[in-house]
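S.K.: Below is the structure I would like to discuss, written out as structure tokens.
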Amino acid sequence: MPPTPSAFEGLVIPYLQRQPWFLADMSRFDRGVWATVRLADLEILLDGRPGLASVVVTVGNRPFHVLVGWREVALAPAVLGDHQGAVLGMCSDGGGDVLCYDALADEELSRGLLAFATAGRESAKRVRLVHSLASHASLVYDEHLFMKSYRVLEPAPRPEIELMLRLEEVGFEHTLRPVAYWERNGWDLALVREYIPGAVEGRLLALTSLRDLLGRNLDDGRPKLEDVGGAGGDLSSEVRRLGEATGSLHLALAEAFGVRSLPDGDTLRTAAIRIHGDYHLRRVFRTDAGWIVGGFGDDPLIGKSADSTKPQEPRFASPFEDLADLSYSLRQVAAESVAAQPAATRIQAERLAKAWERRNRGAFLSGYLGVGGIRRLVALDRPAAADAIKSLITARAMPT
């Protein structure tokens, strides 16, 4: 027999209250909400030793998901290794005492979880846990598949899952292929998608480009702004391709979810589409096959969603909102690189970084506006489009 529901409830709730991601989410709520805690849903995935259960606990109306494993007390320490913080506590499974713990600390159970999340279609020989304080745990299977096991739950369909499935339906190629998703009783519990080992985050490419530029041009203290494009790490051609991928993304989103009109009086002269919503250099990745887009702003603990205590409604807005996000992301990378410079070269570094930002922002916009068919979403020419992006940045209190 597996542990009883009351045993799970008594162990999972105290465990949650020790987790940084749980505390980060609940910090937005009055402490009185914490008094209304209950076991909302339970599914026994493996009945035995080792055992595995999917447990959903609600705090107020906020649902949280924990995967609980259990083993004989004598065997558990060798399995958990240095993951002692994963221990929930002791309970009985009808045949004696067992030790319960976060199942993601157990390689055997984590490996087997893939079959449950994909309805038996996928299996793996190896798994590694990617540590994260976000609202999901990340697991990589055979360096081939990637699973997000959601901790902070949202009502199905979760925006990320809906977007990935619909984009695949319309044939958008610049994103990671969804493989399966795990849903139960109105909650999305996990997403499985393809994993590309060689993918490089856009922010890392940008930092490398700036590091090369500043390293080559600050030695003599006389930076030449006309040489900004001559550094070995010049990023403008790649950023132009990113602009093209972004234009293709917006056209695919328009096809998948339709096109709406902006409110009367809007001066952007664009259509309203389902936008990415949190589009920055950490959300895009360069692979051997080109740029891919990820993230889709669904994490309730990170980005714009973190400002709300309610699940985010799908946003239909001007495509320029995504363009402004990415443009501002370039600015953040430039500011970070300048701040790392010694005081003696900081002024020169700032001049170079601003020139780098202008060059790449222009390349990004040129790539975007060059995509065939984009004019049906964006009616502005390049100078007017650049001004519109600057206005959006200013409206969001982003320094221009």
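Every number in this text was worked out from the coordinates using simple rules, so none of it is lab data. All figures in this text were calculated on a predicted structure; none of them were measured in a lab. Note that each Cβ is placed from the backbone with ideal geometry, even for glycine, and that neighbours are counted across all protein chains shown.
S.K.: Hey, rough spin-label estimate for residue 143 and residue 107, points 7 angstrom out along Cα→Cβ, what's it come to in nanometres?
M.R.: Going from the residue 143 label point to the residue 107 one covers 1.6 nm.
S.K.: Of the peptides 159-165, 147-153, how do they stack up when ordered by the mean number of other Cβ atoms within 10 Å, highest first?
M.R.: Numbers: 159-165: 21.7, 147-153: 24.6.
In descending order of packing, they fall as 147-153, 159-165.
S.K.: Between residue 1 and residue 387, 0.36 nm times their residue separation minus their Cα-Cα distance comes to what?
M.R.: Values: separation 386, 0.36 × 386 = 138.96 nm, distance 6.60 nm.
Residue separation times 0.36 nm, minus the Cα-Cα distance, leaves 132.4 nm.
S.K.: Which peptide among 251-257, 240-246 comes first, and what is the full order, when sorted by highest mean count of other Cβ atoms within 10 Å?
M.R.: Numbers: 251-257: 20.3, 240-246: 22.4.
Put in order of decreasing packing, that is 240-246, 251-257.
S.K.: Which shape class applies to the chain: rounded if a/c is under 1.5, otherwise prolate when a/b exceeds b/c and oblate if not, where a ≥ b ≥ c are the square roots of the Cα gyration tensor eigenvalues? Display every interim value, and only then the final one.
M.R.: Numbers: a/c = 2.18, a/b = 1.79, b/c = 1.22.
It comes out prolate by the Cα gyration axes.
S.K.: Quick one: angle between helix 320-339 and the longest Cα principal axis of the chain, in degrees between 0 and 90, rounded to 10, please.
M.R.: Taking the Cα atoms of the chain, the angle to 320-339 is about 90 degrees.
S.K.: Next question, about the same structure. Using only Cα atoms, what is the ratio of the radius of gyration of the range 243-294 to 2.2 N^0.38 Å? Before the final figure, lay out the partial values.
M.R.: Details: Rg = 13.1 Å, N = 52, 2.2 N^0.38 = 9.9 Å.
Normalised Cα radius of gyration, the range 243-294: 1.32.
S.K.: Please determine, in degrees from 0 to 90 and to the nearest 10, the orientation of helix 159-169 with respect to the longest principal axis defined by the Cα atoms of the chain, where the helix direction is its Cα long axis.
M.R.: Its long axis makes an angle of about 70 degrees.
S.K.: Quick one: angle between helix 236-257 and the longest Cα principal axis of the chain, in degrees between 0 and 90, rounded to 10, please.
M.R.: The angle comes out at about 60 degrees.
S.K.: Determine the gain in length on full extension of the stretch residue 288-residue 347; use 0.36 nm per residue of separation and subtract their C-alpha separation, reporting nm with one decimal. Don't jump to the answer; show the numbers that get you there.
M.R.: Values: separation 59, 0.36 × 59 = 21.24 nm, distance 3.65 nm.
Length difference between fully extended and current span is 17.6 nm.
S.K.: Then there is this: Provide the packing ranking of 109-117, 56-64, 342-350, i.e. peptides ordered by the mean count of other C-beta atoms within 10 Å per residue, highest first.
M.R.: On the way: 109-117: 20.9, 56-64: 18.9, 342-350: 13.9.
So the peptides 109-117, 56-64, 342-350, ranked by packing, come out 109-117, 56-64, 342-350.
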